[in-house]
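The values are calculated or read from the model by the stated rules, or taken from the named source; none is laboratory data. Please read all numbers here as calculations on a predicted model, not as lab measurements. Positions of Cβ are backbone-derived with ideal geometry, glycine not excepted, and every protein chain shown enters the neighbour counts.
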Amino acid sequence: MMADNIHVVPTERNGWAVEVEGTDGATSHYPSQEEAIAAGMEKARQDRVELVIHGPDGEIQERNDFS
């Protein structure tokens, strides 16, 4: 079974979250986007999936494919 893509998204409380597609809510929270990207990248590499990075407005800024 293929793993689902990972998203780095802004939270409502001025932080950042790493979310896995197909799950409810964030898997982890971080105070900065940089920390969330680092954690998301590590998980995406491990799971061999795509990392989708969203900006503060929620729009997609970047995609990194680790499959």
* Of all residues making up segment 25-67, the number that are of a type in the set (Asp, Glu) and under 15 Å from Pro10 (Cβ atoms) -> 5
* Considering only residues that are over 12 Å from Asp4 (Cα atoms) and surrounded by 14 or more Cβ atoms within 10 Å (Cβ to Cβ), look in segment 46-58 and name the one that is farthest from the chain's Cα centre (by Cα). => His54
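Matching residues to (1) part of a loop (DSSP other than H, G, I, E, B); (2) at pLDDT 95 or above:
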site: Met1; (1), (2): yes, no
site: His7; (1), (2): no, yes
site: Glu12; (1), (2): yes, no
site: Gly22; (1), (2): yes, no
site: Ile37; (1), (2): no, yes
site: Met41; (1), (2): no, yes
site: Ala44; (1), (2): no, yes
site: Pro56; (1), (2): yes, yes
